[in-house]
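Let me begin by presenting the structure, written as structure tokens, before commenting on it.
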Amino acid sequence: MGGGRGRGNRSRTQRKHFRDGRENVWKRAKSHSSSDPNNTSTDNPTWQPFATQNQAFDEYYKEQGIVAPEEWDTFVEVLRTPLPAAFRINSSSQFCADIRSQLEDDFMKSLKAEFTDGGEVEAIRPLPWYPDNLAWHSNFSRMQLRKNQTLERFHEFLKLENEIGNITRQEAVSMVPPLFLDVCQNHFVLDMCAAPGSKTFQLLEIIYQSTKAGSLPDGMVIANDLDVQRCNLLIHQTKRMCTANLIVTNNEAQHFPGCRANKNFPKASEIELQPPISQLLFDRVLCDVPCSGDGTLRKAPDLWRKWNSGMGNGLHNLQIQIAMRGLSLLKVGGRMVYSTCSMNPVENEAVVAEILRRCGGSVELVDVSKELPQLVRRPGLRKWKVRDKGIWLFSHKDVSKFRRFGILPSMFPSGRTYVAPTDGDHKHENGANMNSEDELMEDPMTSTEDLNEEVSDLPLERCMRIVPHDQNSGAFFIAVLRKLSPLPVIQEKPSRRGNLLTKKDELQEKLSEQVTECNNGVELNSEDAASENFSEAASEADLIEKETDKATLEPDPCNTDDENDSEEAHLLVDGEIPSGKAVGKRKLQIQGKWKGVDPVIFFKDEAIINSIKAFYGIDESFPFNGHLISRNNDNNHVKRIYYISKSVKDVLELNLLVGQQLKISSVGLKMFERQTSREGTTAPCSFRISSEGLPVILPHITKQILYSSPVDFKHLLQYKAVKFMDFVDTEFGEKASKLMMGCCVIVLRDAKTLSDPIQLDASTIAIGCWKGRASLSVMVAAIDCQELLERLSARMETERCSSLQENNVEADDVQDMNEIEKVEESETAEEATNG
Ligand SMILES: C[S@@+](CC[C@H](N)C(=O)[O-])C[C@H]1O[C@@H](n2cnc3c(N)ncnc32)[C@H](O)[C@@H]1O
């Protein structure tokens, strides 16, 4: 019952947006044609098949040697075929086990029986490297799914369970990075570039694993993404998880706030706000950065046309900045996974190498070759080249003066910097001028060996590259990093924005700024749009922060005015709107920070809270104080009250204390919603329990709760409203009529449970209802009712079969016993006679 019940809010618009956002482009190409997609000329002259070829792509990757020459044909052939579907069962869904058995015992067998003779189509199978048979691969196209009756049933199953939130469709390789993060229940996890949220969902599932009914894990996830629209997809996606342990933020990852409270904060005690954490640091960081995405060519074949080597070059610096910020927010001893869905070494090994160089021994690249042994992957490269404007470059030394702003030293295996000579440097000792643009000065810190074919001396083979033809998947790159000690303090020279930069950083920054002006032909879509902000991004993300205090680690650049922050925190904690001179400066900041998002206000209206507690008889063991928030400044008009876990509460309090640095777009589990009766009467409590919040609060409710027999429970789901006198169990009908007007909870009591109250656990099924004058009405979305009905029928059928079997076994046992007794009797009789 812990986390996801898989029953979230699903508005039509969100659903549409969600579908559009995840559209498979193969499908779009076909649907654009009016008839047969192969008939390209007559019916629809504008229709063009995707050109699944790109000469620049071939040349680039052949040269980089990401696969052996003899594998090339297979590699590209597989890249040109559509990607098989994959999906994951939500492990925190209460129907997880039912769904897995349905796949294993029903669909896997029936689909196999149907398709083995033709031999063309591979039946569905669990992904061998994913734990507990929770992730599945299916090779059926949408067309195939519709053509055949068995497949159609499977298709409907996928659609419904995905909608409900019991399964998530996700590319197989995209499921890999969270598995290498080694997340525990009590971890604080930052997902830096999280939208549309499939990996966030996985992270939450791991955090919720083995959480007891009615309690919440100690850990939490902050899912961040720069793109607001994509953030909305993420919010929709993770709503299906029904979690109180998630904050969705909308910050630039490379500037993600560290929320560091000043230890000498003079007013901290006065404002009764003493968050147990003084800085936002994470046990785990997922750094799934924006990338050129050529690992998704099978899913997005339009990329074949767009692909060029500049796409990777243009993102390289942003990727470094995001990864560096991730490492600075990571606790010592913590793990960070860097990943991309690109095959390009400039976005992958080059980024990893550069962050290792910058961190100078405080971060190690972890050898994970023994983890997930069944996942086929290849070691990272130690040598590669850079391509720019059709020219191969072996070292930064080869970069022409005019391209040095875009082609950075960190793109090359050695990472060596060559600085252009200044005017004074142009003179030889004898006074002659040097005029060649290629005569560069090598960074004095680097050696002068032959640089033609650079090879990295870092253990980059510990990185992993998944290529499509190894296991019929997309491509992915993953590197696992561990922070061994605080990041080093390098040469302290404040930048324009007050951060500490090394000499090398300064050069990088300058170069990055120029990259903005020339994006190397990258077609900037929304995902890449962030790279437009290179110049903004450089200083803060590149910073290797100075440690002023070992305990507090890296300082936060955004935290500049602590006193004002404290006043603001005080006012907001009390739910007041800041006004007047005292918070003049902060008011402005808030307007900026809250722009585009609703404020996050701790809900402290005692009258409402007490009425809710009294109405539902919520026991004192349930942590209420400080765990409720609203998104509305005006307490009188609060429509929804959200519940937050202790971990989220700690972070929100810290965020208040430091002046709302996090731009929060979603937080908390919708627990209570204002509602008035359809019959026009006012209920004693104007807040009903929402479906999402029910699993968490259920074990703590002592009033307005009834236990129903399976048959009456089914009737409620079937008919949505049942009159008290129509319940099969008349006693239940009577009890229902005596409930107070308003929201109530009906718990399914299975045939084996005879007494009330039953022991509530993760498998308990309960629904919110409305007690009216003459009937009970269900307050559950139609689709959830349908799902529940199907699951109940399936469970009842299984129970019926097993009890039949048990009866048969018992009958057999009795018969056996009788036989044995008979034999024993006759033996005794025989012995007696013989004796
Ligand atoms: C590869 S996608 C992430 C996929 C996601 N991790 C998942 O599993 O669903 C990269 C994301 O980075 C976001 N992004 C781009 N630039 C960013 C930035 N500067 N800061 C934060 N997010 C950024 C994009 O909006 C995009 O959603």
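Condition test on S737, is it among the hydroxyl-bearing types (S, T, Y), assigned to a helix (DSSP H, G or I) and closer than 27 Å to K159 by Cβ?
Spelling it out, it is not the case that S737 is among the hydroxyl-bearing types (S, T, Y), assigned to a helix (DSSP H, G or I) and closer than 27 Å to K159 by Cβ.
How about region 379-415: which of its residues are surrounded by fewer than 20 Cβ atoms within 10 Å (Cβ to Cβ) and part of a helix (DSSP H, G or I)?
Those that are surrounded by fewer than 20 Cβ atoms within 10 Å (Cβ to Cβ) and part of a helix (DSSP H, G or I): K397, K401, F402, R403.
Can you name every residue in region 359-378 that is at positive phi and either assigned to a strand (DSSP E or B) or surrounded by 15 or more Cβ atoms within 10 Å (Cβ to Cβ) (or both)?
L372
Taking R298 as the residue in question, decide whether it is touching a strand residue (DSSP E or B) at 6+ places or on another chain (Cβ under 9 Å), in the same structural domain as C259 (by TED's automatic domain parsing) and not aliphatic (A, V, I, L, M). Step through it out loud before you land on a result.
On the way: touching a strand residue (DSSP E or B) at 6+ places or on another chain (Cβ under 9 Å): no; in the same structural domain as C259 (by TED's automatic domain parsing): yes; not aliphatic (A, V, I, L, M): yes.
When the stated conditions are applied, R298 does not pass them.
Which number in (1) crowded, with 24+ Cβ neighbours inside 10 Å; (2) small (G, A, S); (3) closer than 27 Å to D470 by Cα marks the one condition that A253 misses?
Just one mismatch for A253, condition (3).
Name the single residue that is modelled with the highest pLDDT among those in region 50-64 being assigned to a loop (DSSP other than H, G, I, E, B) and surrounded by 14 or more Cβ atoms within 10 Å (Cβ to Cβ).
Initial filter on region 50-64 (assigned to a loop (DSSP other than H, G, I, E, B)): 50-54.
Keeping just the survivors that are surrounded by 14 or more Cβ atoms within 10 Å (Cβ to Cβ) gives 50, 52, 54.
Working: F50: 66, T52: 86, N54: 94.
Applying the filter and picking the extreme gives N54.
Out of contact with any strand residue (DSSP E or B) (no Cβ under 9 Å at 6 or more places or on another chain), surrounded by 13 or more Cβ atoms within 10 Å (Cβ to Cβ) and modelled with pLDDT under 90: is that true of S91 in this structure?
On the way: out of contact with any strand residue (DSSP E or B) (no Cβ under 9 Å at 6 or more places or on another chain): yes; surrounded by 13 or more Cβ atoms within 10 Å (Cβ to Cβ): yes; modelled with pLDDT under 90: no.
The answer is no for S91.
Name the strands (runs of 3 or more DSSP E) wholly within region 182-270 that hold at least 3 residues that are out of contact with any strand residue (DSSP E or B) (no Cβ under 8 Å at 6 or more places or on another chain) and aromatic (F, W, Y)?
On the way: elements: 188-191, 220-224, 246-249.
Result: empty, no element qualifies.
Could you check region 283-315 and list, in sequence order, the residues that are outside any loop (DSSP other than H, G, I, E, B), touching a Ser or Thr at 6+ places or on another chain (Cβ under 8 Å) and more than 13 Å from the ligand (Cβ to nearest atom)?
L303, W304, M311, G312
When you look at A172, is it crowded, with 24+ Cβ neighbours inside 10 Å, within 21 Å of Q319 (Cβ to Cβ) and within 16 Å of the ligand (Cβ to nearest atom), yes or no?
Numbers: crowded, with 24+ Cβ neighbours inside 10 Å: yes; within 21 Å of Q319 (Cβ to Cβ): no; within 16 Å of the ligand (Cβ to nearest atom): yes.
No.
Within region 644-666, is there a residue that is modelled with pLDDT of 95 or more and closer than 17 Å to G768 by Cα?
no
Output the residue which, of all residues in region 181-229 that are more than 13 Å from the ligand (Cβ to nearest atom) and at positive phi, is farthest from the chain's Cα centre (by Cα).
G214
Is it true that some residue in region 708-722 is crowded, with 21+ Cβ neighbours inside 10 Å, within 24 Å of L789 (Cβ to Cβ), among the polar types (S, T, N, Q) and in contact (Cβ under 8 Å) with a residue 40 or more places away in the chain?
Yes, region 708-722 contains at least one residue that is crowded, with 21+ Cβ neighbours inside 10 Å, within 24 Å of L789 (Cβ to Cβ), among the polar types (S, T, N, Q) and in contact (Cβ under 8 Å) with a residue 40 or more places away in the chain.
Restricting to region 158-172, and then to whatever is touching a Leu at 6+ places or on another chain (Cβ under 9 Å) and not in a loop (DSSP other than H, G, I, E, B), can you tell me which residue is nearest to G197 (Cα to Cα)? Show your work before the answer.
Applying the first criterion (touching a Leu at 6+ places or on another chain (Cβ under 9 Å)) to region 158-172 yields 158, 166-167, 169, 171-172.
Checking the rest, the ones that are also not in a loop (DSSP other than H, G, I, E, B) come to 158, 167, 169, 172.
Working: L158: 19, I167: 14, R169: 11, A172: 14 Å.
Once the filter is applied, the top-ranked residue is R169.
Please specify each residue of region 126-156 satisfying the condition of being in contact with a strand residue (DSSP E or B) (Cβ under 9 Å, 6 or more places away or on another chain) and over 30 Å from M464 (Cβ atoms).
Once the filter is applied, which keeps residues that are in contact with a strand residue (DSSP E or B) (Cβ under 9 Å, 6 or more places away or on another chain) and over 30 Å from M464 (Cβ atoms), region 126-156 yields R142, L145, F154.
Of everything in region 230-257, what is within 11 Å of the ligand (Cβ to nearest atom) and of a type in the set (V, I, T)? Give them in sequence order.
T238, T249
In this structure, does T296 turn out to be at pLDDT 95 or above and either within 23 Å of the chain's Cα centre (by Cα) or over 28 Å from N344 (Cβ atoms) (or both)? Working first, answer last.
Working: at pLDDT 95 or above: yes; either within 23 Å of the chain's Cα centre (by Cα) or over 28 Å from N344 (Cβ atoms) (or both): yes.
Answer is yes for this residue.
The values are calculated or read from the model by the stated rules, or taken from the named source; none is laboratory data. As the structure is a prediction and not an experimental result, all values here were calculated from the model. Because the Cβ atoms are built from the backbone with ideal geometry, glycine has one as well, and the counts that use them run over all protein chains shown.
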